[in-house]
Every structure is written in structure tokens, then in C-alpha cells.
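Here the structure is laid out as C-alpha cells; the discussion comes afterwards.
Read-outs throughout are calculated quantities, based only on the coordinates presented, and are distinct from any laboratory measurement. Treat the numbers as computed from the prediction; the structure is a model and nothing was measured.
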């Protein structure tokens, strides 16, 4: 896992400073056998989020999602299907940098491994009932959960 400064976004940020950039990211809905959804608590801002992160150069969307899930949870994604694309034109990172985020939301269909409750990027990991989410869930993940409740298999574009 590269440090932020060494990541693609970190290197672009170093070149252009505080100018707004477009960031393509992936996110994963991972469910356990009881249908609960996995959330991780970030170390940088203590928000509860789904495993997610920005793509690195030369990664496919699927590979980026697999990498982020592995880095943040220790789990290996075996199979997943894109569920939605979300666009967020006005965001600010935990570092205070403006960006436009385009996120591809995956529905993980098969995964393996043992869930790590703490990694370099996360300080907690837990499966939650979608009607009993933890306090501090980032707003755009609440939107994903709302969409998940009514998801009928049709691709969502927002």
C-alpha cells in the first residue's frame, strides 16, 4: 500500500497544489452470511465507510476495488458486479484538498479470508444491519445504503 504522497492522487496533488481534481474511486458492498453490510472506521477522520478508495495508474476498476478491500479489511474479493456510479462534484479530502469524485459501487458476490479489525487505514471493521448503522457514517454512504434497501438489480446512475 503506497503512502498518500506516493499514490497517484498524492503525486497529482503535489504537482497542482490545491486546484480541484477529478478522482475515480471504487467502493464495495460486502455482506456476511446474515446479510449485514461491512463498514470500516477510517483512521484519518473516524468516519464509518464502506471499503473504498481511489484508483492507481494502470489498475482496472475491479483491481482497484480488490486492492482497497484487501488493504482496509484483509479480505479477498473473488467476484463482484458493478451496482452504481455516484458523482460528487464538490468534495474536500481529510487533507483539505478539493476534488470531484466519481465512484463505482460494486456489490461483492463472493469473498474469502479473515476480516481484520484494524489496518494501516482503518481502526475498526464490523458488519452492520442496514437498519442499524453506526453513528458517524459518512453521508454519501447513507445514500448507498438507502439505494441498497430498494435495489432491484438495475444499474444506478447518480
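Here is how the numbers come out for the structure above:
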| quantity | calculated |
| --- | --- |
| Cα centroid of region 112-144 to Cα centroid of region 66-102, whole Å | 13 Å |
| Estimated 222 nm signal from helices in the chain, with DSSP H stretches of n ≥ 4 weighted -39500 (n - 2.57), rounded to 500 | -6500 deg cm²/dmol |
| Fluctuation leader among 114, 73, 81 - the chain, Gaussian network, Cα springs under 10 angstrom | 114 |
| P(r) of region 35-117 over all Cα-Cα pairs, binned every 5 Å from zero, in whole percent | 3, 13, 22, 27, 21, 10, 4, 0 |
| Acute angle (nearest 10 degrees) that the helix 61-73 long axis makes with the longest principal axis of the chain, alpha-carbon atoms | 80 degrees |
| Folded to 0 to 90 degrees: helix 139-149 orientation relative to the chain principal axis, Cα | 30 degrees |
| Share antiparallel - DSSP beta bridges, the chain, percent rounded to 5 | 70 percent |
| Rg(Cα)/(2.2 N^0.38 Å) for region 102-158, N = residue count | 1.30 |
| Global form of region 72-113, assessed from the alpha-carbon gyration tensor, a/c cut-off 1.5 | oblate |
| Choice from 142, 101, 124 showing the highest fluctuation, given a GNM over the chain with Cα pairs closer than 10 Å | 142 |
